[in-house]
Amino acid sequence: MQLPADLRAALDNLTQDTEGLRAAAGTVSQRYRERDVSLQVRSAAEASAYLATRLPATYAAAWRSIQILQKVLPDFAPGRMLDVGAG
């Protein structure tokens, strides 16, 4: 699945510094492997790295879930993200 063009452009804009993203992604991954339960993303660079690595798959999974939900409950009309399980 492709991200919508505007979302892809915004992500590309955030992720231009590939060297900085690699370092930030490594830091976040290390915290995760160490099971550091404190805040996992602590800077703008780490947030950008997280988005670059996780957003496409997360978006695709959420989109697929919503497609299935529409088939099962065609009259369901969520009004908030919370209605589709976010949060």
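The values are calculated or read from the model by the stated rules, or taken from the named source; none is laboratory data. From a predicted model like this one, the values you see are computed outputs, not experimental measurements. Cβ sites come from the backbone with ideal geometry, for glycine too, and all protein chains shown count toward neighbours. The accessibility values were calculated without ligands, DNA or RNA, using every heavy atom of the protein model including side chains. Shrake-Rupley method; radii C 1.70, N 1.55, O 1.52, S 1.80 Å.
Structure notes:
- Residue tally, condition open to solvent by 50 Å² or more (accessible area, probe 1.4 Å) and closer than 30 Å to Q67 by Cα, over segment 41-56: 4
- Within segment 1-20, the set of residues being at pLDDT below 90 and over 22 Å from R64 (Cβ atoms) comprises L14, T15, Q16, D17, T18, E19, G20.
- Pick from segment 1-39, criterion outside any helix (DSSP H, G or I) and charged (D, E, K, R), ranking: most open to solvent (accessible area, probe 1.4 Å): R35
- For segment 43-67, a tally of residues being in contact (Cβ under 8 Å) with a residue 40 or more places away in the chain and closer than 14 Å to P4 by Cβ returns 5.
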